[in-house]
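*Asks:* The structure that follows is given in the form of structure tokens.
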Amino acid sequence: MTLANGIGQLESARLLLRRIAPDDLPFFARLHALPEVAQALYPEGRPRTVEETAIWLQRTLVSYEEFSLGHLAVLRKADGVLIGRCGLTELVVETATPGHGLRKGWFGRQRVPAGLALTFECELGYTFDPAAWGQGYASEAARCVRDYARDVLRLSYAVSAILPHNTRSRRVAEGSGADAAGRLDVMGRTFDRYVWPLAVGGETRLQPISSKR
């Protein structure tokens, strides 16, 4: 996400979170190509090519400017090593619950059908190098972003869309204060929806914004 109010970076006890930069492409290309990462990250579970990750990175840079959203690179303070990403991105969902089935959702606006009443939410997501798994880094980064969304952006809530088999991600959300809140159909696959309660009486400057597309 674009850091507000002149903030250059976010920090926790062990981590530093900064904007993703073009020079980070080799790390993220390797990360997104790992089968164990892709299975937990993408609806179809397919590893991404370098070219696809380059498109993702460019869209992240655009998202910083257009929506004040986007994942941040997560570095370990002890050695400066890049170990993952965490941040807020746009999740578009149907405002009304359909008569049957699940509400549909989309990561970004590109594939959303016309004519739907939509709600634009902030999705708190996190993806880490398997070499850094099991050390509490995802939880630490997620709580750092959660606190920023609550205390600086003053958002009233954020959400996380998590594939049901992704037990690691569910544990991070549940252990950090997010509550299970039903399911969504995102790009043809069922995701668990978690809600992060944030600032009481907070603004909805970034989300939710209801509109007709």
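The values are calculated or read from the model by the stated rules, or taken from the named source; none is laboratory data. If you're wondering where the values come from, they're calculated on a predicted model, not measured in any experiment. All Cβ positions, even for glycine, are placed from backbone atoms using ideal geometry, and neighbour counts span all protein chains on display. SASA here: full protein model, heavy atoms, side chains in, ligands and nucleic acids out. Shrake-Rupley method; radii C 1.70, N 1.55, O 1.52, S 1.80 Å.
*Asks:* Go through (1) open to solvent by 40 Å² or more (accessible area, probe 1.4 Å); (2) within 15 Å of the chain's Cα centre (by Cα) for E36 and report which single condition fails.
*Replies:* Checking E36 against (1) open to solvent by 40 Å² or more (accessible area, probe 1.4 Å); (2) within 15 Å of the chain's Cα centre (by Cα), the one that fails is (2).
*Asks:* Taking the residues in segment 120-157 that are farther than 15 Å from I83 by Cα, of a type in the set (S, T, Y) and within 16 Å of the chain's Cα centre (by Cα) as candidates, determine which candidate is modelled with the highest pLDDT.
*Replies:* Checked segment 120-157; the qualifying residue modelled with the highest pLDDT is Y157.
*Asks:* Next question, about the same structure. Among residues belonging to segment 135-173 that are farther than 19 Å from V74 by Cβ and part of a loop (DSSP other than H, G, I, E, B), point out the one that is least open to solvent (accessible area, probe 1.4 Å).
*Replies:* Among residues in segment 135-173 that are farther than 19 Å from V74 by Cβ and part of a loop (DSSP other than H, G, I, E, B), the one least open to solvent (accessible area, probe 1.4 Å) is L163.
*Asks:* Just to be sure before I move on: is E44 over 18 Å from Q110 (Cα atoms), open to solvent by 40 Å² or more (accessible area, probe 1.4 Å) and not in a strand (DSSP E or B) in the structure I sent?
*Replies:* So E44 does not fit the description; no.
*Asks:* Please give the number of the condition A132 fails out of (1) open to solvent by 80 Å² or more (accessible area, probe 1.4 Å); (2) in contact with a Gly (Cβ under 7 Å, 6 or more places away or on another chain); (3) aliphatic (A, V, I, L, M).
*Replies:* A132 satisfies every listed condition except (1).
*Asks:* When you go through L184, L118 one by one, which is the residue that is in contact with a Ser or Thr (Cβ under 7 Å, 6 or more places away or on another chain) and not polar (S, T, N, Q)?
*Replies:* L118
*Asks:* Right, something else. Being charged (D, E, K, R) and farther than 23 Å from L155 by Cα is the filter here, so list the residues in segment 71-99 that pass it.
*Replies:* The answer is R76, K77, D79.
*Asks:* A further question follows. Cβ-Cβ below 9 Å, separation at least six or inter-chain, first residue in segment 184-196 and touching a residue at least 12 places away in the same chain (Cβ under 8 Å), second of a type in the set (F, W, Y) and not in a strand (DSSP E or B): which pairs?
*Replies:* Sorted first by the residue in segment 184-196, then by its partner, the pairs are M187/Y42.
*Asks:* Take the residues in segment 77-116 that are open to solvent by 40 Å² or more (accessible area, probe 1.4 Å) and of a type in the set (A, V, I, L, M); name whichever of them is nearest to L3 (Cα to Cα).
*Replies:* V81
*Asks:* Could you say whether any residue in segment 47-61 is open to solvent by 70 Å² or more (accessible area, probe 1.4 Å), among the hydrophobic types (A, V, I, L, M, F, W, C) and within 26 Å of L116 (Cβ to Cβ)?
*Replies:* Yes, there is a match, as at least one residue in segment 47-61 is open to solvent by 70 Å² or more (accessible area, probe 1.4 Å), among the hydrophobic types (A, V, I, L, M, F, W, C) and within 26 Å of L116 (Cβ to Cβ).
*Asks:* In segment 12-33, which residues are exposed (fewer than 12 other Cβ atoms within 10 Å of the Cβ), of a type outside the set (A, V, I, L, M) and either touching a helix residue (DSSP H, G or I) at 6+ places or on another chain (Cβ under 9 Å) or within 16 Å of G125 (Cα to Cα) (or both)?
*Replies:* P22, P26
*Asks:* Related question: What are the residues in segment 174-186 that are open to solvent by less than 30 Å² (accessible area, probe 1.4 Å) and in a loop (DSSP other than H, G, I, E, B), if any?
*Replies:* S176, A178
*Asks:* Taking the criterion of being among the hydroxyl-bearing types (S, T, Y) and within 20 Å of E174 (Cα to Cα), would at least one residue in segment 127-138 satisfy it?
*Replies:* If we filter segment 127-138 for residues that are among the hydroxyl-bearing types (S, T, Y), which is where we start, we get 127, 137.
Now restrict to residues that are within 20 Å of E174 (Cα to Cα): 127, 137.
Taking every residue of segment 127-138 in turn, at least one turns out to be among the hydroxyl-bearing types (S, T, Y) and within 20 Å of E174 (Cα to Cα).
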